[in-house]
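To start, the structure itself, in structure tokens.
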Amino acid sequence: MSIYPDFAQVALRPQNHGADLVSATTAESAQSPAVILRSSAAAAFCGHPEGWGPLSPNGRADVTPCFLDSMIDVVSVALVITGAIQLYLYSRKKVYPVSKNWHYWTKLLLVGFLIASTFLLASFQYDSSPEWKADIRFWTPILSCVALAVAFAVHHYEHARVRVPSGVLLFYWAFYILIHGIQVRQIVSLKEYREFLPRLVVCCINLAIGIAVFALEWLVPKKWTHYSALEDDEHQCPMETATVFGALTFSWMTPLMKRGYKIFLTEDDLWDLRRRDTTHVAEHRFKKAWEQQLKNKKPSLWRAMFRAFGTPFALGAAFKVVQDILAFVQPQLLRILIAFIASYSTKGEEPQPLVVGLGIAGSMFVASVVQTLALHQYFQHAFETGMRIRSGLTAAIYRKSMKLSNEGRITKSTGDIVNLQAVDTQRLQDLFQYLNQVWSAPFQITLCMVSLYQLLGPSMFAGVAMMLIMIPVNGVIASYMKSLQKTQMKNKDSRTRLMTEILNNMKAIKLYAWGEPFKQKLDHVRNDQELFTLRKIGVASAYASFTWASTPFLVSCSTFAVYVLTTKKPLTTDIVFPALTLFNLLTFPLTMLPMVISSVVEAQVAVQRITSFLVADELQEHTVIREPAITQYGHETVRVTNGTFTWNKTDPTSNCLKNINFTVNKGSLSCIVGRVGSGKSSFLQAIVGELFKREGEVVIRGSVAYVGQQYFIMNASIRENILFGHRYDPQFYQLTIRACALLEDFDSLPDGDETQVGEKGISLSGGQKARVTLARAVYARADVYLLDDPLSAVDQHVGKHLIEHVLGRQGLLAGKTRIMATNSIPILQESDRITLIQNGEFVETGSYDAVVAAKGQIYNMIRHLKTAKQKDGDDSSSDEATVVGGAGSEQNSQYASSEEDEVPELTSAATPLETLKPRRSSLRRASAVSLNRDRRKIMDEEEGATRTTTAKEHQEQGKVKWSVYLEYARACNWWGVGLYMVCLVASQVASVGGSLWLKKWSEVNSREGHNPEVGKYIGVYFALGVGAAALTVVQSLVMWIFCAIRAAKKLHDKMAVSIFRSPMQFFETTPAGRILNRFSNDIYRIDEVLCRCFHMLFQNTAKSLATIVIICATTPPFIIVAIALSFLYGYIQRYYLRTSRELKRLDSVSKSPIYAHFQETLGGISTIRAYGHQTRFVKENEFRMDANLRAYYPSISANRWLAVRLEFIGSVIILGSAGFAAISVSSGSGLTAGAVGLAMSYALNITQSLNWIVRQTVEVETNIVSVERTLEYSSLPSEAPDIIPTNRPAQSWPKNGAIKYENYSTRYRPELDLVLKNINLTINPREKVGIVGRTGAGKSSLTLSLFRIIEPVQGTIEIDDIDTTKIGLTDLRSRIAIIPQDPSIFEGSIRDNLDPRHNHDDTELWNVLELAHLKNKVSSMDGQLDAVLHEGGSNLSVGEKALVSLARALLTTSNILVMDEATASLDPETDAALQETMKDIGSTVVTVAHRLRTVMEYDKVVVLERGEVRECASPWELLREEGGVFYGMCEASGELESYREVARKRFEERGRGAEA
């Protein structure tokens, strides 16, 4: 029996209700030989009278049964192929111990039953048809069985291997249900069940089972392994478990969108990254690819990026192909629709049935929806690629900066490197989001041309010719813009570098009152260079926009003109509007191609910069041979043999160390002595491998701890600075801080050792920084200690304590190898060996006793200082808080380890040294803390409830206030904004006018049957098109020159002024990276991104409004749909904006810690390398990058979530306009084909416009945040005025230099304690006053108060009877000379460093250099006064930097000189010479002194303790008071008698001078 009943038999049966239909069909077939032939041909393959179809020839609104079978076969074959690939991939995955539960068994049983029932259908056909071998009706069930067997295998394999339902299966079951549902409906429609009911029953069962399996696969979540308990399910990225439908529609984002709509999102609401998106994975992939490239002669960053990140990029390209093809299916469907509409108005043609029109509308809708899904998968993959490129490159740049040699570092300043990270990687990320357009745009243009050829024939070649003419024009503009972009990148670098320097040295700029010259320098770079170039870029962009805007129009105009002039056919609506749609589609690739080419050009500059950095010179490998630690005392731990080293390997004559031979044994202390610039610090850096080794050998056995002369203090708590990545051991930690005399400091600090020290330890004094870095070294429990003069910044009695308890023979490090660069005499007496370095060579060496006996150069240095007598045993007057407790159980606790050293017992200072006995104590090596950080924390530097926490970056919440938009518009200039809007509207009107004119022209041609008045119609069309393009140019010029650049200048200027005027409190609590982020990233967005976003937004909004108006005018019923859709559109957009806005802000705020950490790392790179902590810092960088990506990834996904939904609305608009047009024309409305063509040509582009509106709205919201952030920093609290015109001191003020403090109290910030309390102090004219006291007593605060760096809480300071709070800050600060504690050196010439205002001539400059003992140094440099100093003065020693500060002070004609621990880093000889210079200065001198000897010859000494004046008198008077604080300090130093002698002599000299 046949499954399909014989139609002839059915026709004979009078009972058959379908007999009329069949009879008619038979009759028609009898009349048509073609139908008979087709049926007979079909019978060989199909066996059904309707044949292959696809549409039924019998008037049914259905496909034929055989065509439906072929569709089932297509789905089956697709599953067999994709399922086989899926099985192969599953077979390589790990199998988890997942129990086979009801979910697993039910699916397999149902699929197994389905295989059997499908086979049953084949057996039905086998029984009923003798020709079953050649009949698709037999083979379709067989092929379905094969496919179902593959589905069975995939279901089995996926159960224990993946959590996510198989996408292959979900699509298969979805199509299975769809096609089998149509099949069941067809059987019922043809009433086949009357002839053979079992087939319908089996098909219904199969359909029900298909629905059940689909529901089980899609809707029932799998019960996963117990291993999932180890995963952070709560914060797992939902994309990990999203089904293929969820991935395509981005519905996995919906929970976050809902949450964001209800509450303001915070970092705690964000998910973790997928593993493949983490910075660690991205950097690992890039590193592998880059290492491959480094094997080539010319490594290519492009190839490395494609090799590392090409997979998601290629996948995105595949989706782009689908989207491009579907975009060009639409014009073909439009042509069919216009033909359908025209069939109702063309005489002699029978109107097509309504179902055809609705079918066309439905096809356009489906094509539009699939196009949307493909487009956004492409975008998602492109954005993911960009994200991974940025994170991979940023991590690679960070890692490279860890290895950069001195030569490499000289050419790359901190600002340059931060720019690479902030700007260049961002450019590459932005490029890769659209890079597929490089091939996609030509592909779209080709498709467009092929389609146009079908429509217009050879006439389209006129359009091709026009495009070829425009390509070189665009090329010239693009190359010009490339050169401008190169210039602009250099300008940006200059500004970022200058801004970095200003921020790093803001304290010095304020002290010297140099705000104005540095502001002028910044203005010059910004206004005369950067904005000048930006103006040129704006003009070039305007002309580029003209060529881009006019190209599609010129193509269409020339094509239509040639068509009407060369063919006799009329240019009708069914040609014009599909062609117009194609020309509109052509606009996007023609616009994007030059933009992408220009972006590639810009990116090429970034690629070259990054490449040059990544191939920059690295530290010499194997400079230092590292060997295992030794345990035996007296064995060699460090050896340098015949060592010659240099800072600059390119200059063969620049060896800074020559012929170095040096060995040191375990347990010994070696001191390196020498004058400023002789090479002491260089020697220590050579040992850790920082210098280039020309020849020789350096061997170190064991781990290294390094204390540099420039202290590396992280922006963290003191405890974190001391632990430095090691595990916290409370007992040894207590031992360390006691030995380093930090206990009293912790008592006086607001939060003890949890006090946040700020950037570069800004809230600590120099002495505190020195002891914190020393404590870090001690806590590390290394084998070899390299110490670069840690005693220079501490008071003498504290220095003595550190020698006794840390550095000396009885100190905590006694069992370790210590190499110390120093000029401190007390430590020389403790040392096992002293080595003198001169001009980079060791000239003398020996033990302390030996060098004294030899009476050589070292002896002369010691004698020159009138070395003190041997130390007293009794130091009972020493400050108790600095003393380590006696030998108790605490001391004997176990700390360790694999390596234990003999460490002398630390006792109270009162115990005679000779009674000490060594003990076995545990200086085991410190174990590193785990690098696995809590992933929920983002900005670790900004957490905690302590009073000294770095202020968290202010983050607005909610909608960006309208006031921000208004402020931006005001900055742009209202007239400019108004003119721009007028040009925009006029341009859009001209564009729509051109389309309406075409409509009129084509309708006239259709009516007349030929092309009348060609010249008139082409002329008007050309005028309107050129007018629209010309208005676009005016628009661009107005936007750039009158709006964007003006706003950029105003906003930057306001922020810069505000920063210069901010009090130091702001810089102490705000990381420089955060401020720099606003001056680099935010200003870049305001300069170049924001105006473009507004431009695109306004253009697309105008285009969309024009489209809606045209559609509503054509088909008025659409107004109802338009209103409903606009409400839905607004709701979705608002729903989305709340979430997106907060995500963008979180993204923006989480960038600052990346830059701050990067800058901090660059500042302490030698310390990090010496400790070998590069890996930990790299991990920290990765952690901060991931914290940013956790906000960025949902942010881009939210864009896709929204766009898919909004473009669905666009698809509904297409469906509505096409559907209403079909219904309207079929109901006799008289709607013309021209009107429908015009409306649909616009409607087909509305999805793109709607998408762009939303994306640009988001971009505007995102980038206007930069304006918001800039405005925030433009209204910071300000210092007192620079000048008060009504109260300016006389030009000669201060004439005498008298200073008077009255009841003066101050604090650094409102929430902190007072640092100076009720100070009453009078300093007479020309008096030399020394300020002494323990570290943290308030010495530096007293000097800062003079300059009003900190303002009084109460009381006053008077200078020559003028209250300093009543005059302007510039008037005050410029009249007082200062040599600050931390010398600031600016990048530039020596002349600029001494005199940035250029007020002094060369003679004066050479004079002060001679007084500062720098004349010889400067004379030997290339360029002399114009010799270039590198960033931070890296080509000067610390001592030389201090001398530059001294020269600056001497250049200031002032009767008051303040010296804040200014000579601490100088050798004794240079210090003594400078003190002689000071004696000859006839000014009031206020000196904060560490070396008590310095103040012995002063007129007065002020002793501070805990912010109060404890003693104030001449040194001699204070030394006669035996119970006094000053007396105790001198006694503790061991030089009491010599001090007494000096003070007495000075006192007597003053007395004689007074008598005379």
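The values are calculated or read from the model by the stated rules, or taken from the named source; none is laboratory data. Fair warning: this is a prediction, and the values are worked out from it, not measured in the lab. Because the Cβ atoms are built from the backbone with ideal geometry, glycine has one as well, and the counts that use them run over all protein chains shown. Ligands, DNA and RNA are excluded from the accessible area calculation, which covers all protein heavy atoms including side chains. Shrake-Rupley method; radii C 1.70, N 1.55, O 1.52, S 1.80 Å.
At a glance:
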{"item": "Which numbered condition residue 826 misses (of (1) buried (at least 24 other Cβ atoms within 10 Å of the Cβ); (2) at pLDDT below 85)", "result": "(1)"}
{"item": "Of all residues making up the stretch 1027-1070, the number that are over 20 Å from residue 515 (Cα atoms) and assigned to a loop (DSSP other than H, G, I, E, B)", "result": "0"}
{"item": "Residue check, residue 138 open to solvent by less than 40 Å² (accessible area, probe 1.4 Å) and either closer than 16 Å to residue 72 by Cα or under 52 Å from the mean Cα position of the chain (by Cα) (or both)", "result": "yes"}
{"item": "Single residue of 1552, 1544, 1493 found to be at pLDDT 80 or above, part of a helix (DSSP H, G or I) and of a type in the set (D, E, K, R)", "result": "1544"}
{"item": "Of the criteria (1) among the β-branched types (Val, Ile, Thr); (2) more than 26 Å from residue 840 (Cα to Cα); (3) assigned to a loop (DSSP other than H, G, I, E, B), which one residue 1370 fails", "result": "(3)"}
{"item": "Enumeration of residues in the stretch 1500-1512 that are open to solvent by 10 Å² or more (accessible area, probe 1.4 Å) and either hydroxyl-bearing (Ser, Thr, Tyr) or in contact with a Gly (Cβ under 9 Å, 6 or more places away or on another chain) (or both)", "result": "1500, 1505, 1506, 1508, 1510, 1511"}
{"item": "Filter result for residue 1535 (open to solvent by less than 60 Å² (accessible area, probe 1.4 Å), among the charged types (D, E, K, R) and modelled with pLDDT under 80)", "result": "yes"}
{"item": "Which numbered condition residue 1093 fails, given (1) outside any helix (DSSP H, G or I); (2) closer than 30 Å to residue 496 by Cα", "result": "(1)"}
{"item": "Failed criterion for residue 1020 (all others in (1) within 19 Å of residue 1095 (Cα to Cα); (2) surrounded by fewer than 19 Cβ atoms within 10 Å (Cβ to Cβ) hold)", "result": "(1)"}
{"item": "Residue, most open to solvent (accessible area, probe 1.4 Å), within the stretch 1308-1342, restricted to residues that are outside any strand (DSSP E or B) and within 25 Å of residue 1546 (Cα to Cα)", "result": "1326"}
{"item": "Wholly enclosed helices (runs of 4 or more DSSP H) of the stretch 183-272 bearing at least 3 residues modelled with pLDDT of 85 or more, open to solvent by 20 Å² or more (accessible area, probe 1.4 Å) and not aliphatic (A, V, I, L, M)", "result": "254-262"}
{"item": "Residues located in the stretch 1255-1307, provided they are within 17 Å of residue 1356 (Cβ to Cβ), hydrophobic (A, V, I, L, M, F, W, C) and within 48 Å of the chain's Cα centre (by Cα)", "result": "1280, 1284"}
{"item": "The stretch 482-491 - residue that is open to solvent by 10 Å² or more (accessible area, probe 1.4 Å) and touching an Asp or Glu at 6+ places or on another chain (Cβ under 8 Å) and, of those, farthest from residue 411 (Cα to Cα)", "result": "482"}
{"item": "Checking residue 1353 against (1) assigned to a helix (DSSP H, G or I); (2) modelled with pLDDT of 85 or more; (3) open to solvent by 20 Å² or more (accessible area, probe 1.4 Å), the condition it does not meet", "result": "(1)"}
{"item": "Subset tally (residues that are closer than 27 Å to residue 241 by Cβ and among the small types (Gly, Ala, Ser)) for the stretch 135-161", "result": "4"}
{"item": "Test: residue in the stretch 288-296 that is open to solvent by 60 Å² or more (accessible area, probe 1.4 Å), of a type outside the set (A, V, I, L, M) and under 19 Å from residue 435 (Cβ atoms)", "result": "no"}
{"item": "Top-ranked residue in the stretch 1283-1307 [being open to solvent by less than 60 Å² (accessible area, probe 1.4 Å), under 28 Å from residue 1511 (Cα atoms) and in a loop (DSSP other than H, G, I, E, B); ranked as modelled with the highest pLDDT]", "result": "1298"}
{"item": "Residue among 579, 544 that alone is farther than 20 Å from residue 1110 by Cβ, in contact with a helix residue (DSSP H, G or I) (Cβ under 9 Å, 6 or more places away or on another chain), of a type outside the set (Ser, Thr, Tyr) and assigned to a helix (DSSP H, G or I)", "result": "544"}
{"item": "Exclusive hit being in contact with a helix residue (DSSP H, G or I) (Cβ under 9 Å, 6 or more places away or on another chain), on the phi < 0 side of the Ramachandran plot and at pLDDT 80 or above, set 174, 122", "result": "174"}
{"item": "Total residues in the stretch 306-327, condition touching a helix residue (DSSP H, G or I) at 6+ places or on another chain (Cβ under 6 Å) and either surrounded by fewer than 18 Cβ atoms within 10 Å (Cβ to Cβ) or closer than 30 Å to residue 610 by Cα (or both)", "result": "9"}
{"item": "Those residues of the stretch 1372-1405 which are more than 30 Å from residue 1351 (Cβ to Cβ), surrounded by 17 or more Cβ atoms within 10 Å (Cβ to Cβ) and touching a strand residue (DSSP E or B) at 6+ places or on another chain (Cβ under 9 Å), in sequence order", "result": "1387, 1388, 1390, 1392"}
{"item": "Lone unmet requirement of (1) over 24 Å from residue 660 (Cα atoms); (2) at pLDDT 85 or above; (3) of a type outside the set (A, V, I, L, M, F, W, C) for residue 895", "result": "(2)"}
{"item": "Within the stretch 665-714, considering residues that are assigned to a loop (DSSP other than H, G, I, E, B) and among the β-branched types (Val, Ile, Thr), the one least open to solvent (accessible area, probe 1.4 Å)", "result": "713"}
{"item": "Of all residues making up the stretch 1410-1423, the number that are open to solvent by 80 Å² or more (accessible area, probe 1.4 Å) and on the phi > 0 side of the Ramachandran plot", "result": "1"}
{"item": "Residue in the stretch 340-360 that is touching an Asp or Glu at 6+ places or on another chain (Cβ under 9 Å) and surrounded by fewer than 23 Cβ atoms within 10 Å (Cβ to Cβ) present", "result": "yes"}
{"item": "First in the stretch 1131-1157 and free of Cβ contacts under 8 Å to residues at least 60 places away in the same chain, second anywhere and crowded, with 20+ Cβ neighbours inside 10 Å and polar (S, T, N, Q), Cβ under 6 Å, 6 or more apart", "result": "1147/1195"}
